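These notes are about the structure you will find just below.
The values are calculated or read from the model by the stated rules, or taken from the named source; none is laboratory data. All of these numbers come straight from a predicted model, not from anything done at the bench. Positions of Cβ are generated from backbone atoms using ideal geometry, with glycine treated the same way; all protein chains shown enter the neighbour counts.
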Amino acid sequence: MTTAAHAESHGPHRNYVGIWGILTVLLLISVTGPLLGIRTVTLITAFGVALIKAYLVAKNFMHLDIERPIVHFMLAVVLTLMVLLYAGLAPDVQKSEGSHWKKSAGFHYVSEQARGKAETESEHGSPPDRK
């Protein structure tokens, strides 16, 4: 068996370093997207880049490109579930007021701790330095 025939029997040649470079650039995009503070850009970079990275990994590193319809079907299912999860949770998570709604559990705890610390300091003077 020749080298060319041997290479063809194992599928196409992949440039793993190039794919790694693409994945690294996509990582940088997904990290810098939320830093801009624009919700739409954050969502596109978070979900869109994750979908592209998942496809690249599945196609090139998991060698699922041989069974192409399965990969596309899996990505479609995952994308659908991701959109449904976001659509189902976002209204509650992003809500900050309403009937019987309190989004102050952490704030309440921190403010009580700060109030207790301020009362302790006023009763006993400033706390001792701990080194």
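Quick notes on this structure:
- Exclusive hit being within 20 Å of TYR86 (Cβ to Cβ) and either at pLDDT 75 or above or assigned to a helix (DSSP H, G or I) (or both), set GLY48, GLY18: GLY48
- Qualifying residue in segment 98-114 (condition: at pLDDT below 75, polar (S, T, N, Q) and part of a helix (DSSP H, G or I)): yes
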